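Working notes for the structure below.
The values are calculated or read from the model by the stated rules, or taken from the named source; none is laboratory data. Fair warning: this is a prediction, and the values are worked out from it, not measured in the lab. Cβ placement follows ideal geometry from the backbone for every residue including glycine, while neighbour counts extend to all protein chains displayed. Just so you know, the surface numbers come from the protein's heavy atoms only, side chains and all, with ligands and any DNA or RNA stripped out. Shrake-Rupley method; radii C 1.70, N 1.55, O 1.52, S 1.80 Å.
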Amino acid sequence: MQAEVKANHKMKFVKFQSLGTLVGLLLLFIVLSFASDNFLTVNNLLNVFRQISINAFIAFGMTFVILTGGIDLSVGSILALSSAVTAGLMAGGMDTWLSVLIGLITGGLMGALNGVLIAKGRLAPFIVTLGTMTVFRGLTLVYTDGKPITGLNDNFAIFGKGYFLQIPMPIIWMVVAFAVLYIILKHTTFGRRVYAIGSNEEATWLSGISTTKVKIFVYSISGLLAAMSGMILTSRLDSAQPTAGTAYEMDAIASVVLGGTSLSGGRGWIVGTLIGAIIIGVLNNGLNLLNVSSFYQQVVKGIVILIAVLLDRSKKSN
Amino acid sequence: MTAQLLEMRDISKSFSAVKVLDQVQFDLEAGEVHALMGENGAGKSTLMKILNGVYTKDSGTVTVKGKVQDMNSPSEAQNLKIAMIHQELNLIPHLTVMENIFLGREFTYGSTGLIHWKKMKQEADRYLSQLGLQIDPTTLTSELSVGQQQMVEIAKALSMNTEILVLDEPTAALTNREIDALFDVIASLKVKGVGMIYISHRMEEIFRICDRVTVMRDGKYVGTKRVSETSMDEIVKMMVGREITDRFPKIDIEFGAEKLKVEGLTLKGKLHNIFFSIRAGEIVALAGLMGAGRTELAKVLFGVTPADQGVITVSSKQVNIRKPIEAIQAGIALVTEDRKDEGLLLPMSVSHNIALPNLLAVSKFGFMSKARNEELTDKMMKQLHIKALSANQSVGSLSGGNQQKVVIGKWLATNPELLILDEPTRGVDIGAKKEIYDLMNQLARQGVAILMISSELPEVMGMSDRILVMHEGRITGHFTREEATQEKIMFAATGGGNRDAS
């Protein structure tokens with residue numbers, strides 16, 4: 001009985017922790033509102049959230065990957081290659097939607113390749129995606145010859161530049177993706193399998209679940225979302241850059257961890273990732289508004305991440 | 001008169017209110033090989049861990065060479081020249097043989113911290129040749145066979161001037177030739193005056209190399225005999241001699257059609273030509289000692305390690321099982337021995353765990369149906385009397401008995417034709433045990449065929465209709481409930497039956 005009471009207490013504590021991230025975000029909002037006159041304006045906030053969307057897509061996919069106990073370092077390179085493919089096709093005269101579709105499929109396939117190597121080849125996710133990160137980046141440079149691709153179709157603006165009811169399109173896309181992914185994780189059998197693998201892969205396999213298929217699918221989702229992020233970025237910049245997305249995996253992983261998802265898998269949720277991505281976006285924006293040098297910005301961001309991980313650790317040992 | 005090396009008197013030890021050692025006696029003379037025997041869970045390893053300072057005793061005295069000692073850590077035991085060779089070897093595979101022998105005690109040039117490789121090689125050579133071994137000290141340990149690695153461990157113990165050496169099932173993974181080599185080494189250590197404590201389930205080895213044997217049962221000291229003055233039968237009787245009470249509520253059920261037939265099942269090096277069958281409503285126990293191949297057999301039937309040869313027939317349909325999902329589809333469920341690593345998602349809720357092998361049944365078009373999941377969880381929690389605050393409580397915070405019930409529940413929900421239970425009552429309190437037995441009866445009555453792997457002889461004899469005994473990957477005994485005696489089972493489990501046959 002005593003153990004049961006203790007467990008109940010523990011459950012409450014976990015909920016309180018997710019609340020903690022949210023409280024942290026609110027504090028950040030309040031502090032920045034006072035520190036800068038420009039922070040709490042509709043224009044600035046829409047701008048912040050538009051920036052956040054680029055990272056959020058990648059972080060959403062990363063959440064799936066990390067929930068299975070894996071990691072995906074290749075997302076930045078996948079972003080670059082799929083956006084280069086889409087831009088290249090458009091510049092070559094292809095229809096906008098078809099080029100986007102092919103770009104997204106390319107991203108999904110690159111993710112699937114990661115998944116196959118990890119699940120079938122039984123290789124460490126860190127090593128596999130470290131390798132493919134370099135390969136995909138190299139392929140991007142080959143494909144673009146190291147130069148930006150321009151001359152995109154006008155209606156491609158719907159991804160990064162357009163508005164819907166005065167809300168920037170990237171935010172709309174982000175909200176739609178979030179809703180779909182939230183439902184997948186929370187309400188589908190696939191979501192259950194993702195959590196189960198991260199929690200105990202052996203027991204999951206012994207329960208008759210094809211852990212190989214689930215993992216391949218998870219990395220494909222990560223690739224697809226990185227590609228989607230690439231579409232938005234390319235549309236906003238009006239060109240595909242061969243070095244786009246470099247080091248984007250770092251912000252994505254940081255968002256997931258800030259959101260309370262455990263790097264060892266099985267524990268966490270996508271709502272936390274969204275909050276984490278917002279914290280990182282707001283932090284970037286706030287430090288800019290406060291004229292903090294970009295060198296110091298990195299220091300601050302790193303410290304925030306470390307504090308979050310320390311909190312996560314003390315939560316576990318409690 | 002040889003010198004008394006070690007005397008352990010009235011040793012007791014409890015783990016959270018469970019008494020695992022109750023006033024146990026043990027002593028050892030110089031140059032003696034003293035066997036320590038008992039069923040799994042009799043308390044042998046706990047006693048040895050106390051000797052090695054891994055656990056501290058609650059009461060009793062340990063006297064080493066006439067002086068009362070308290071071993072509070074493995075290093076204190078090492079200082080008293082006590083060493084243990086564990087069943088799982090403790091060498092570091094990426095280091096060379098000599099680095100392993102002198103790990104943490106490397107020879108250096110004075111206090112410079114620079115390693116004196118030449119001296120290390122010489123010394124390693126010396127100890128290895130004392131054991132009559134031709135192993136190059138600069139070989140990587142991972143390149144050695146298990147038997148050779150064991151020898152290196154012994155050389156390591158020797159280099160520490162060990163006087164009391166504990167060998168825990170040292171022959172379990174060795175070939176016959178390696179066993180002979182090991183016994184030669186043991187004989188030469190005897191001459192040097194090293195006292196050895198020998199833990200083994202193999203009766204014939206005890207009679208080959210040991211001077212005395214001490215038997216433990218349920219954490220208690222049963223007795224010590226000179227090997228020359230005792231017999232296998234007497235030792236077996238000492239090991240199992242307890243009354244079976246009505247702790248086992250087995251009911252008689254009329255058997256139905258044959259649910260499982262296994263013919264010629266073979267898994268290289270693990271299982272040899274296994275034949276048996278189970279009928280609906282029948283409970284068959286699979287007895288044997290640790291490492292006899294019982295869990296391997298269960299894992300072959302469940303597709304974890306597919307068989308190399310043989311035919312499996314479930315409900316008169318021949319099935320080809322290469323992975324768990326195929327076993328589940330064939331109507332087989334396996335409640336694994338290790339519920340924490342193989343059975344449960346500990347941080348997850350009861351309902352999440354029960355749903356895991358039943359995701360199709362609790363979903364529609366891939367979407368979880370909350371109602372169906374709740375219904376299924378509710379049914380299982382009621383049927384199995386799972387005590388949890390709610391279906392959402394994490395399984396990790398439940399008691400051992402309730403955790404076990406969750407594992408059984410998740411498999412019961414798949415409506416299996418054949419239920420394999422691997423040590424279903426291990427680490428479970430008496431109340432929950434009884435409930436698990438009642439459940440087995442209930443399932444048998446519903447026509448489920450049950451294969452129960454158990455190391456507890458009373459459970460084997462109390463809860464089964466038939467008993468299969470395994471030894472070294474073979475079925476060495478086959479008894480009906482009426483024929484079986486604990487002695488017969490033990491005899492077959494230690495290879496006794498085999499020896500008579502050959």
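Using only the C-alpha atoms, the convex hull of the stretch B:246-360 corresponds to 153 Å³ per residue.
Counted over the protein assembly as shown, the DSSP beta bridges are approximately 60% antiparallel. Database remark: amide H of A:Thr188 closer than 5 angstrom to the amide H of B:Met368 (H placed geometrically; neighbours at sequence offset of 5 or more, or on other chains; Pro and chain starts carry no H).
The string of couplings for the stretch A:102-112 from the Karplus curve (6.51, -1.76, 1.60, θ = phi - 60°) is 5, x, 5, 4, 4, x, x, 5, 4, x, 4 Hz, one whole number per residue in order, with x for Gly and Pro. Legend: residue pairs B:Lys250/B:Lys488; B:Lys19/B:Lys250; B:Lys67/B:Lys119, Cα-Cα distance threshold 32 Å; pairs beyond threshold, B:Lys67/B:Lys119. Estimated from the Cβ-Cβ distance and a Förster radius of 22 angstrom, the FRET efficiency linking A:Val309 and A:Leu27 is about 0.75. Subtracting the Cα-Cα distance of B:Arg208 and B:Val311 from their residue separation scaled by 0.36 nm leaves 33.2 nm. A run of chain A free of exposed loop cleavage sites, with trypsin sites (Lys or Arg not before Pro) counted only in DSSP states other than H, G, I, E and B and at most 14 other beta carbons within 10 Å, reaches its longest extent at A:123-318.
If R0 is taken as 51 Å, the Cβ-Cβ distance between A:Tyr182 and B:Asn176 corresponds to a FRET efficiency of 0.25. Straight-line reach from B:Lys13: which aspartates and glutamates fall under 15 Å, measuring Cα to Cα and dropping same-chain residues less than 8 apart? B:Lys13 reaches B:Asp22, B:Asp58, B:Asp70, B:Asp218. Amide hydrogen proximity for B:Val20: with H placed 1.01 Å from N in the peptide plane, the residues at 5 or more positions away or on another chain lying under 5 Å are B:Lys13, B:Ser14, B:Phe15. Residues whose amide H comes within less than 5 Å of that of B:Met452, counting only those at least five positions distant or on another chain, are B:Val284, B:Ala285, B:Leu286, B:Leu421 (H built at 1.01 Å from N in the peptide plane). Taken along the Cα-to-beta-carbon direction at a fixed 7 Å, the label points for B:Glu229 and A:Val142 span 8.3 nm. Once the Cβ-Cβ distance of B:Leu360 and B:Thr480 is raised to the sixth power relative to R0 = 25 Å, the FRET efficiency obtained is 0.05. Taking 7 Å steps out from each Cα toward its Cβ at B:Ser188 and B:Ile253 produces label points 5.8 nm apart.
Counting only aspartates and glutamates at least 8 places from B:Lys268 when in the same chain, those with an alpha carbon closer than 14 Å to its own are B:Glu296, B:Asp308, B:Glu472. Using the Stokes-Einstein relation with a Kirkwood hydrodynamic radius computed over Cα pairs, the translational diffusion coefficient of the stretch B:162-262 at 37 °C and a viscosity of 0.692 mPa s comes to 194 µm²/s. Protection proxy ranking, highest mean first, for peptides B:316-326, B:333-343, B:474-484: B:333-343, B:474-484, B:316-326, where packing is the per-residue count of other beta-carbon atoms within 10 Å, averaged. Rg and Dmax, both from the Cα atoms of the stretch A:125-206 and both in Å, are 19.5, 53. With a 1.4 angstrom probe, the accessible area lost at the A-B interface totals about 2300 Å².
Seen from B:Leu47, the other residues with C-beta closer than 10 Å to its C-beta sum to a net charge of +4, counting Lys and Arg as +1 and Asp and Glu as -1. Under the criterion of Cα pairs below 8 Å and six or more residues apart, the relative contact order for chain B equals 15 percent.
For peptide B:339-347, the mean count of partner chain Cβ atoms within 10 Å of a residue's Cβ comes to 5. Identify which of A:Met174, A:Met250, A:Met228 has the largest mean-square fluctuation in a Gaussian network model of chain A, with springs joining Cα atoms closer than 10 Å. For chain A, modelled as a Gaussian network with Cα springs under 10 Å, the answer is A:Met250. Full extension of the chain between B:Gln134 and B:Lys387 gives 85.1 nm of extra length, using 0.36 nm per residue less the Cα-Cα distance.
The residue among B:Gly60, B:Val97, B:Leu36 whose Cα reaches farthest toward the positive pole of the charge dipole of the stretch B:4-100, with charges on the beta-carbon of Lys, Arg, Asp and Glu, is B:Gly60. Using the empirical formula 2.2 N^0.38 Å as the baseline, the Cα radius of gyration of the stretch A:49-153 reaches a ratio of 1.13.
Using the empirical formula 2.2 N^0.38 Å as the baseline, the Cα radius of gyration of chain B reaches a ratio of 1.08.
Seen from every direction in turn and averaged, the convex hull around the alpha carbons of the stretch B:367-502 projects onto 10.3 nm². Mean partner shielding of peptide B:362-368, defined as the number of other chain Cβ atoms within 10 Å of each residue Cβ, is 4.
Remark: mean inter-chain Cβ contacts per residue of B:115-125 equal 0, using a 10 Å Cβ-Cβ cutoff to other protein chain atoms. Computed 3J(HN,Hα) for the stretch B:84-97, one whole-Hz value per residue from the Karplus formula 6.51 cos²θ - 1.76 cosθ + 1.60 where θ = phi - 60°, is 10, 9, 7, 4, 8, 5, 10, 8, 8, x, 8, 9, 6, 4, glycine and proline marked x.
Per-residue Karplus couplings for the stretch B:199-208, computed as 6.51 cos²θ - 1.76 cosθ + 1.60 with θ equal to phi - 60°, are listed in order as 9, 7, 9, 8, 3, 5, 5, 4, 6, 7 Hz, Gly and Pro entered as x.
Straight-line cross-link partners of B:Lys364 among the lysines, defined as a Cα under 24 Å from its Cα and at least 8 positions apart when in the same chain: A:Lys186, A:Lys213, A:Lys215, B:Lys379, B:Lys410. Given the protein assembly as shown, what whole percent of its Cα pairs are spread farther than 50 Å? Roughly 33 percent, rounded to a whole number.
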